[in-house]
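In what follows, a single structure is set out as structure tokens and then discussed.
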Amino acid sequence: MNDKRKELIVSAISNGTVIDHIPSENVFKVIKILGLDKTGKQVYFGTNLDSKKYGKKGIIKISDTYFAIEEINKIALVAPSATLIEIRDYEVTRKTNVSIPARIEKIVKCFNPNCITNKEEVSTKFSVIYDENGLMKLSCHYCEKNTSKDNLIFI
Amino acid sequence: MKNRSLVSISDYSKEEIIKILDLAEDFEKQPRQELLKGKVIASLFFEPSTRTRLSFESAVQQLGGSIIGFSSTATTSVQKGETLKDTILTVSNYSDLIVMRHPVDGSARYASEVAPVPIINAGDGANQHPTQCLLDLYSIRKTQGTLDNLDITFIGDLKYGRTVHSLVIALCHFNTRFHLVSPVELKLPSAVKRHIKEANLRYEQYTDLADVIPTSDIIYMTRIQRERFPDPLDYEKVKNSYILQNDALEHAKQNMRILHPLPRVNEISVDVDNNPMAYYFQQALNGVYVRQAIVSSILGLK
Ligand SMILES: [Zn+2]
């Protein structure tokens, strides 16, 4: 597919942010985590697009919006290989990769049903840890239990 | 430690742990003083735990402090649906420090974030019980003369026993050799073993307790509960294998002492009680001195 036809699939934006290389199945989670379902700006998205690197990928474009790095890193849980491209006047002005932050607040539920965050109105807080097999886990600041990646539920 | 809440044993450094144990030693010599005169300590037991509550209340009253609070939520506004935050903020108005026991995991950490006064966690669900951990450490040091380089054996339910988890984590400061005896279904969780590995210490796992009695300085017994086994037959298979009998202690070291967080059911046979190696009843008494040390150091009086 040439570049021109590719552009037609998801419209180009003049100013704003493109989030590329999102796993297709997680595009809607990214939209939710970043609150794009509530923005007043134009949002375009695509899923199951062909990608040389990943087979299938998702992409989101948001007009006239730029993200602080802490904010964009929240999506690292569902799109660890995502690329963030900032566009100003149709030109790419910055390209960064997301990275998993040391702390995750509010966006994920604690897996432990007896945790205070699941009993009263308390925002969740986790630190990101890795087990002996290198797997990422979220350690709850309150109940001290670990939530593994397979058990992540987004608020 | 002044004005700082004690929620989890890892809130205290090694030096702070030792400071509490040293203070507790002073209180053991002189448990009745007017140190807390004029201080009001709130004792909020959102679930009943008579043993822990009496230990705290006795600790405070022997130092001349007064106690307000409740021993169950049956007659309180909690029953009417009051949030933990509201209860804690209200009680903070009337007290200098809050001791709380609560059935929900993480409730004490949350309370410590909303309360203007310090919180002592007297057990939050299955999570932490740091004052039990400190009294266990005190009992080990008192009976062995040191905390360093000991062979400490944990027997029973090492998977769900929160007192075991906290004590293992705290002992990682003291170059302990860990001996872990449990049915395969109830082995120490890998999240706790991680602490042992990170401290570059060693642990050995056993399924038979006879193997390990002669090398132990401390045996820490816990109860195996039937409801921990999805298959009742698995429980039947192991239920009698982790009971400590007096005969088994014949080859124990003379300095060895047996600890248990209590209440005991049948995991330590009654014939052990008269053996000088049985230390679990004195261990409970040590809780009073340790709690006096914790309360007075948080209030900045020691
Ligand atoms: Zn939690």
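Between residue B:301 and residue B:274, what's the calculated FRET efficiency when r is the beta-carbon distance and R0 is 35 Å? Round to 0.05.
Step by step, r from the Cβ atoms, then E = 0.35.
Return the calculated 222 nm mean residue ellipticity for chain A, to the nearest 500 deg cm²/dmol, obtained by summing -39500 (n - 2.57) across DSSP H runs with n ≥ 4 and dividing by the residue count.
Value at 222 nm, helices only: -3000 deg cm²/dmol.
Quick one: Debye curve from the C-alpha atoms of chain B, no solvent, what's log10 I(q)/I(0) at q = 0.10, 0.15 Å⁻¹?
For the requested q values the scattering log ratios are -0.56, -1.19.
Cross-link candidates for residue B:37: which lysines have Cα within less than 21 Å, leaving aside residues fewer than 8 places away along the same chain?
B:2, B:29, B:302
For labels at residue B:208 and residue B:253 in the simple 7 Å Cα→Cβ model, what's the distance in nm?
Each label point lies 7 Å from its Cα, and together they span 2.2 nm.
Can you spot the lysines whose alpha carbon is less than 24 Å from residue A:95's alpha carbon? Ignore those fewer than 8 places along the same chain.
A:4, A:6, A:29, A:32, A:41, A:52, A:53, A:56, A:57, A:61, A:74
Which FRET efficiency value, to the nearest 0.05, do you get for residue A:69 and residue B:240 by plugging their Cβ-Cβ distance into 1/(1 + (r/R0)^6) with R0 = 51 Å?
Step by step, r from the Cβ atoms, then E = 0.30.
Counting other Cβ atoms within 10 Å, keep those with at most 14, restrict to DSSP loop, and tell me which trypsin sites (Lys or Arg not before Pro) in the stretch A:15-96 are left.
Details: sites: A:29, A:32, A:38, A:41, A:52, A:53, A:56, A:57, A:61, A:74, A:88, A:94, A:95; in loops: A:38, A:41, A:52, A:53.
Qualifying residues, ordered by number: A:38, A:41, A:52, A:53.
List the lysines whose Cα lies under 25 Å from the Cα of residue B:237, skipping any in the same chain that are fewer than 8 positions away.
Output for residue B:237: B:159, B:187.
Give the relative contact order (percent, whole number) for the stretch B:249-302; include only Cα pairs under 8 Å separated by 6+ residues.
Values: 22 pairs, mean separation 18.9, N = 54.
RCO, the stretch B:249-302: 35 percent.
Of A:31, B:140, how do they rank once you tally other Cβ atoms within 10 Å and put the fewest first?
In increasing order of surrounding Cβ atoms, one gets A:31, B:140.
Evaluate the charge dipole of the stretch B:130-284 about its Cα centre and quote only its size in Debye, nearest 20, assuming +1 on the Cβ of each Lys and Arg and -1 on the Cβ of each Asp and Glu.
Magnitude of the dipole: close to 540 debye.
Only sites in a loop by DSSP and with at most 15 other Cβ atoms within 10 Å count here; which chymotrypsin sites (Phe, Trp or Tyr not before Pro) in the stretch A:47-88 make the cut? Intermediate results must be reported in sequence, preceding the final value.
Working: sites: A:54, A:66, A:67; in loops: A:54, A:66, A:67.
Passing both the DSSP loop test and the Cβ count: A:54.
What is the dipole size for the stretch B:55-210, taken about its Cα centre, with +1 at each Lys and Arg Cβ and -1 at each Asp and Glu Cβ, in debye to the nearest 20?
The calculation lands at about 260 debye.
When B:299, B:233, A:135, B:201 are ordered from fewest to most other Cβ atoms inside 10 Å of their Cβ, what list results?
Arranged by neighbour count, lowest to highest, B:299, B:233, A:135, B:201 become B:233, A:135, B:201, B:299.
For a quick size check, give me the Cα extents of chain A along its three principal axes, largest first, whole Å.
53, 35, 23
What are the trypsin sites (Lys or Arg not before Pro) within the stretch B:64-138 that DSSP puts in a loop, where the Cβ has at most 14 other Cβ atoms within 10 Å?
Those satisfying the criteria are B:80.
With the contact rule set at Cα under 8 Å and sequence spacing of 6 or more, what percent relative contact order holds for chain B? Display every interim value, and only then the final one.
Values: 558 pairs, mean separation 63.8, N = 302.
Reported relative contact order: 21 percent.
What residues qualify as long-range amide H neighbours of residue B:99, i.e. H under 5 Å apart, gap of 5 or more or another chain, H built at 1.01 Å from N?
B:42, B:43, B:44, B:120
Counting only DSSP beta bridges with both residues in the protein assembly as shown, tell me the antiparallel percent, nearest 5.
Of all bridge pairs located within the protein assembly as shown, approximately 50 percent are antiparallel.
Per Stokes-Einstein, at 10 °C and 1.306 mPa s, what whole-number D in µm² s⁻¹ belongs to the protein assembly as shown, with the Kirkwood radius over Cα pairs as the hydrodynamic radius?
63 µm²/s
Once the cut-off is 26 Å, how many percent of the Cα-Cα pairs in the stretch B:130-284 end up in the long-distance tail?
Summing the P(r) of the stretch B:130-284 above 26 Å gives 19 percent of all pairs.
Please return the longest stretch of chain A lacking exposed loop sites, where GluC sites (Glu not before Pro) count only if DSSP places them in a loop and at most 10 other Cβ atoms lie within 10 Å.
Values: sites that count: A:121, A:132.
Result, exposed sites excluded: A:1-120.
Could you list, in their original order, any pairs among A:109/B:85; B:142/B:239; B:14/B:239 whose Cα atoms are separated by more than 30 Å?
Among A:109/B:85; B:142/B:239; B:14/B:239, the Cα-Cα distance tops 30 Å for B:142/B:239; B:14/B:239.
Readers should treat all values here as calculations from the given coordinates under stated rules, not as data from a laboratory. Because the structure is predicted, anything quoted here is derived from the model rather than measured. Positions of Cβ are generated from backbone atoms using ideal geometry, with glycine treated the same way; all protein chains shown enter the neighbour counts.
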